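Notes for the one structure printed next.
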Amino acid sequence: MINDFQVTDRYAKSWCWGSNCGIKARCCRPQNENYKLECKPGARVEGQRDAWGPWSTCPAGFTVVSHERIDLLDHRHPNDEIMHKYECNDSGCRAWCWGSACATWAKCCRVVPR
């Protein structure tokens, strides 16, 4: 099971506990080569176990594009905790972690000139 995953400007990685797992990066860029994406993590938020956590929001001028990271915090046995659900919308990103509290960061980007 995935205990932690992180997406940065250069890679996506996951930490798997008790099983094999993988993660695949989804890459994007503006069509106009005179522009680039500038990305940063949103606010770090912690949610309680077995409930939706709070929204990780983006700073002014940035747009939510995905999760940057979700980290299960309780480090219990893999059968006792799961990254159950996660979602992003205009409000930010949040996660529901079953059996464990979890920290969540939105991935926030904006288009800027090169």
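Which residue, G47, G22, G92, has the most motion in a Gaussian network model of the chain that connects Cα atoms within less than 10 Å? Top of the fluctuation ranking is G22.
Of the listed peptides 101-110, 59-68, what is their order by residue-averaged count of other C-beta atoms within 10 Å, with the highest listed first?
Top of the packing list down: 101-110, 59-68.
For region 1-53, the share of accessible area belonging to carbon and sulfur comes to 44 percent (1.4 Å probe, ligands and nucleic acids excluded).
For region 27-114, the solvent-accessible area of protein heavy atoms averages 60 Å² per residue (probe radius 1.4 Å; ligands and nucleic acids excluded). If you take every residue apart from H67 with its C-beta less than 11 Å away from the C-beta of H67, what net charge results, scoring Lys and Arg +1 and Asp and Glu -1? So the surrounding residues net to 0. Judged by a Cβ-Cβ distance under 4.7 Å, the unpaired cysteines of the chain are C27, C28. The share of Cα pairs per 10 Å bin across the chain, counted from zero up to the longest distance, runs 15, 42, 30, 10, 2 percent.
Across region 49-114, the mean sequence separation of Cα contacts (distance under 8 Å, 6 or more residues apart), normalised by length, yields a relative contact order of 47 percent.
Can you give the relative contact order of the chain as a percent, counting alpha carbon pairs under 8 Å and 6+ residues apart?
Relative contact order here is 33 percent.
Potential lengthening of the chain between D50 and Y11 amounts to 11.1 nm, from the contour at 0.36 nm per residue minus the alpha-carbon distance. For W98, the accessible surface of its heavy atoms amounts to roughly 110 Å² (probe 1.4 Å, protein chains only, rounded to the nearest 10). Rounded to the nearest 20 debye, the dipole magnitude of the chain is 500 debye, with +1 charges on Lys and Arg beta carbons, -1 on Asp and Glu beta carbons, and the Cα centre as origin.
Tally Lys/Arg at +1 and Asp/Glu at -1 over every other residue whose Cβ is under 15 Å from the Cβ of N3; what's the total?
Spelling it out: positives minus negatives among the neighbours equals -1.
The values are calculated or read from the model by the stated rules, or taken from the named source; none is laboratory data. Since this is a predicted model, take the numbers as computed values, not measurements. All Cβ positions, even for glycine, are placed from backbone atoms using ideal geometry, and neighbour counts span all protein chains on display. Ligands, DNA and RNA are excluded from the accessible area calculation, which covers all protein heavy atoms including side chains. Shrake-Rupley method; radii C 1.70, N 1.55, O 1.52, S 1.80 Å.
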